[in-house]
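First comes the structure, then the notes that go with it.
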Amino acid sequence: MSDIIRFDVIDEHGPQTVRGTYAFSSAELDRDEVADIGPAEVEARVEAGDAPAEYLVDGTLKFTADYNCSRCLEPYPIAQSSTFHVRFRPRPEASQEDEEIEITAAEELDVEFYTAREIPLRDLALEQIQLTIPMKPLCDESCLGLCTHCGANKNRDKCSCEESIVDDRWGALHEIRNQLAKKRDV
Ligand SMILES: [Zn+2]
Ligand SMILES: [Zn+2]
C-alpha cells in the first residue's frame with residue numbers, strides 16, 4: 001500500500017486510497033500546546049475533481065496526544081478522531097495577479113495549491129494535525145486555573161490566598177472603625 005498521493009496515477013486508474021501511520025516529533029510540530037504526541041493514523045481517498053487538474057481528498061485522522069492546558073498549564077490526554085477534506089488545485093501561473101490568488105484562497109479554505117503532482121501522505125497528515133490543535137487548549141471547560149497569588153493549581157489544591165485577602169479587608173474595616181471611635185472620643 002503506497003503512502004504517496006500520485007495525481008498521474010489517479011488520471012490513469014481513477015480514485016486512489018492511501019494510508020499510513022506516522023510518528024511526529026514535538027520539534028516538527030513546533031507547538032507549545034503539545035506536550036507529547038503518539039503515532040498518527042491517516043487514511044485518504046483521492047479522486048479527480050470537477051475543475052481541470054483539481055483533486056479532492058477525503059480523509060480520516062486519528063492520534064492521541066497530551067496537550068498543555070492554557071489555564072492550569074497541566075498536560076492532559078486527548079484522543080483525536082476526525083475527518084478532513086482538501087481540494088488540490090494547480091498553483092496558478094506566476095504571470096497572474098497575486099491578488100487574485102489570495103482572494104480565491106480566502107474564499108475556499110480547503111483549497112491547497114500544488115506544484116508537484118506527488119504528495120507524500122505524511123506531509124498532508126502533519127498539516128491536518130496542525131489544524132486540529134486548538135490555540136488555547138483546556139483540560140476542562142470549567143478548569144479553575146492557577147491562583148494568581150501563590151500559583152497553586154486551583155483544581156487540585158485549595159490555597160488560602162482568597163481567605164487572607166478577605167481577612168485583610170476585614171482588617172482594614174476594623175482600622176477605620178477604630179479611627180472613627182477615636183474621633184468620637186475626642
Ligand atoms: Zn486546566
Ligand atoms: Zn493561592
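Values in this text are rule-based calculations from the coordinates and carry no lab data. Only a predicted model underlies this, so the values are computations on that prediction, with no experimental measurement involved. Positions of Cβ are generated from backbone atoms using ideal geometry, with glycine treated the same way; all protein chains shown enter the neighbour counts.
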Size of electric dipole in segment 4-132: Cβ of Lys, Arg +1 and of Asp, Glu -1, about Cα centre, debye, nearest 20: 660 debye
Amide H contacts under 5 Å for VAL111, restricted to residues at least 5 apart in sequence or on another chain and with H modeled in the peptide plane, are ARG87
Could you work out the local net charge near PRO134, counting Lys and Arg as +1, Asp and Glu as -1, over the other residues with Cβ closer than 15 Å to its Cβ? -2
